[in-house]
Amino acid sequence: QVQLVESGGGLVQAGGSLTLSCASSEDILRFRSMGWYRQTPGKQRELVASITIGAETDYADSLKGRITISRDNSKDTVSLRMNSLKPEDTAVYYCNAKRFGGLGDFWGQGTQVTVSS
């Protein structure tokens with residue numbers, strides 16, 4: 001069973017920055033892609049950013065320019081740097097890993113990010 005453990009969430013003032021990290025119990029080169037999603041109460045989980053095994057990235061339009069996703073294959077970690085945070089960025093952020101061929105979709109337990117105005 002793959003375990004994804006997020007860290008780095010917390011309380012930050014508007015305009016501040018945070019870096020979220022996701023540590024995988026499995027070699028991340030075994031995943032087609034990894035990413036970050038976020039969810040607020042009553043809303044669907046939405047993609048924040050993803051990065052493929054080939055380091056191709058995809059970002060939510062509403063967050064482009066403020067976030068950067070990166071991966072460290074040697075440490076089996078994926079990070080999300082978020083700058084210029086806004087109160088509307090407040091959410092639980094989840095790490096995700098997808099196997100090749102749709103043969104698995106794994107989630108971390110989530111980390112809370114709260115941006116105060």
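The values are calculated or read from the model by the stated rules, or taken from the named source; none is laboratory data. As the structure is a computational prediction, the values presented were derived from the model and not from experiment. Cβ coordinates were reconstructed from backbone atoms using ideal geometry, including for glycine residues, and neighbour counts include every protein chain displayed. We work out accessible area using only protein heavy atoms, side chains counted, and drop any ligands, DNA or RNA first. Shrake-Rupley method; radii C 1.70, N 1.55, O 1.52, S 1.80 Å.
Taking the condition of being farther than 18 Å from Gly102 by Cα and part of a strand (DSSP E or B), how many residues in segment 4-23 meet it? Before you say what the answer is, go through the steps one by one.
Looking only at segment 4-23, we keep the residues that are farther than 18 Å from Gly102 by Cα, and these are 5-23.
Now narrow it down to the ones that are part of a strand (DSSP E or B): 5-7, 10-13, 18-23.
Here the count works out to 13.
If a residue counts only when it is hydrophobic (A, V, I, L, M, F, W, C), which strands (runs of 3 or more DSSP E) contained entirely in segment 25-66 have at least 1 such residues?
Here the list reads 31-39, 46-52.
Residues checked against (1) among the β-branched types (Val, Ile, Thr); (2) without any contact (Cβ under 8 Å) to a residue 40 or more places away in the chain:
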position: Asp61; (1), (2): no, yes
position: Asp72; (1), (2): no, yes
position: Asp76; (1), (2): no, no
position: Pro87; (1), (2): no, no
position: Tyr94; (1), (2): no, no
position: Lys98; (1), (2): no, no
position: Phe106; (1), (2): no, no
position: Gly110; (1), (2): no, no
position: Thr114; (1), (2): yes, no
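For segment 10-63, which residues satisfy the criterion of being closer than 15 Å to Glu88 by Cα, crowded, with 17+ Cβ neighbours inside 10 Å and under 11 Å from the mean Cα position of the chain (by Cα)?
Tyr37, Arg38, Val48
Any idea which of (1) open to solvent by less than 40 Å² (accessible area, probe 1.4 Å); (2) within 13 Å of Phe31 (Cα to Cα) is the one Arg71 doesn't satisfy?
Answer for Arg71: the failing condition is (1).
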